[in-house]
Amino acid sequence: MRFLGRGLMPVMIREIHMNEQIKKEMVAEAFRMLEYSYAPYSHFKVGAALLSANGMLYGGCNVENAAYGPSNCAERTAVFRAVACGDRDFTAICVVGGKEGEVTDFCPPCGVCRQVLREFCDPDTFIVILAKTPEETKELTLGELLPFGFGKETLVN
Ligand SMILES: [Zn+2]
């Protein structure tokens, strides 16, 4: 977890554009988290960096289990870590991943992680950054990744 400071608050506009310096920090943190990945079964290492509205950056990695089912993705590790710190207001997440930690392509969040993000994040404004290299990135909104998603507001309708 790293504090980015008040002066580095991301600037979000409708056309999915965010502060380049913040984005660089997020991509670097996601790549750094690959080192912590525990993936002895799939050997597919994933790192994530979740940015909260107050400028906190929460790193996460995938954590596998011999029983497979209890395994957890990097994105959810980051979200649960942040929530356990009392933070629930998120702006963006960066995800990177690849076999043995070698990132050769974009690594989009799985369906379960998209749903977990949907619990805390606005699908119209929350940004998911996928990175192949620090320079080669793709940005999508959560709503683009999970259209017509099920959220807490669905329950009250
Ligand atoms: Zn996942």
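The values are calculated or read from the model by the stated rules, or taken from the named source; none is laboratory data. Quick caveat: nothing in here was measured; it's all calculated off a predicted structure. Note that each Cβ is placed from the backbone with ideal geometry, even for glycine, and that neighbours are counted across all protein chains shown.
Details
- Scan the stretch 82-111 for residues that are surrounded by fewer than 15 Cβ atoms within 10 Å (Cβ to Cβ) and touching a helix residue (DSSP H, G or I) at 6+ places or on another chain (Cβ under 6 Å) and the total you get is 1.
- Answer from 67, 30 - the residue that is closer than 20 Å to residue 131 by Cβ and modelled with pLDDT of 95 or more: 30
- The stretch 112-156, residues that are among the β-branched types (Val, Ile, Thr) and surrounded by 11 or more Cβ atoms within 10 Å (Cβ to Cβ): 112, 116, 125, 127, 128, 129, 133, 137, 141
- Residue match in the stretch 119-138 (condition: within 16 Å of the ligand (Cβ to nearest atom) and more than 21 Å from residue 22 (Cα to Cα)): yes
- Within the stretch 45-83, no residue satisfies the criterion of being of a type in the set (Phe, Trp, Tyr), assigned to a strand (DSSP E or B) and out of contact with any Asp or Glu (no Cβ under 8 Å at 6 or more places or on another chain).
- Residue 101 passes every criterion in (1) touching a residue at least 40 places away in the same chain (Cβ under 8 Å); (2) farther than 23 Å from residue 21 by Cα; (3) not in a loop (DSSP other than H, G, I, E, B) apart from (3).
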